[in-house]
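Every number in this text was worked out from the coordinates using simple rules, so none of it is lab data. Quantities reported herein were computed from a predicted structural model and do not represent experimental measurements. Positions of Cβ are generated from backbone atoms using ideal geometry, with glycine treated the same way; all protein chains shown enter the neighbour counts.
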């Protein structure tokens, strides 16, 4: 039995559709251990992705133990720096990342970048969703656009780390309806779990998050979805996402929010190619 798995091979098996099915004989794991680094707090999209991978790899008998380690901070760049510094050359560890980390590298002028890791799999794609707390007076996308245009700073937007896809979408919405993006009152949280708690608690006017993070809430106080975006042909999921004025321009926005898996580079220095 191999004790140091090749992470790329493990994820290749995962992407081929090996997953939970009818329980028969317990398979003998092909690999002993694979660590998954989620560079964010528990409850967010990267954490959820890592834990789904953990369940599938163990249930399918591919890996015996699959610990998920959370390393939150600075939109994933703290976890990235640790991943590069402590794990270089190892074949038994992978890190989950996505567009949020790419944006944060630019925003925070990070000394480490994704050139220093090896991308091995694009795992998922999902909608970005704009939601409001259930008691909110904003009952439609048109209500949100009108209130935002009249008093931009009075609308607080809660989402993931500064510079990530959630803040980018808020800025794109502002631009689409004629509001300067610098006037967006964006409140950044370290992970999707914290952002959802703030939304459900009414601490922000509007929440921007991944659909999986919204759907994962099980406390019964679900926020109301106002609009969805995805990387390809964004489409309205509610009748109030109308094709008129600012609503139409908001509907036509597109943003890519796809978690991916990375392996640490096996070389001593940064990669020089794309």
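Worth a mention:
- Per-residue Cβ neighbour rank within 10 angstrom, fewest leading, 108, 151, 262: 151, 108, 262
- Multiplying the residue separation of residue 69 and residue 139 by 0.36 nm and subtracting their alpha-carbon distance yields 21.3 nm.
- Label-point separation, residue 180 to residue 52 (7 Å along Cα→Cβ), nm: 4.0
- The per residue volume of the convex hull around the alpha-carbon atoms of the stretch 114-215 is 118 Å³.
- Residues listed by number, the stretch 175-201, amide nitrogen under 20 Å from residue 149 label point at 7 Å toward C-beta: 175-185
- Cβ crowding within 10 Å ranks 69, 126 as 69, 126, fewest other Cβ atoms first.
- Equivalent ellipsoid dimensions for the stretch 22-153 as semi-axes, Å, which come from the Cα gyration tensor, largest first: 35, 22, 11
- The stretch 112-149 and the stretch 75-96 have Cα centres separated by 26 Å.
- Annotation: extensible slack from residue 109 through residue 59 equals 14.0 nm (criterion: 0.36 nm per residue apart, minus Cα-Cα distance).
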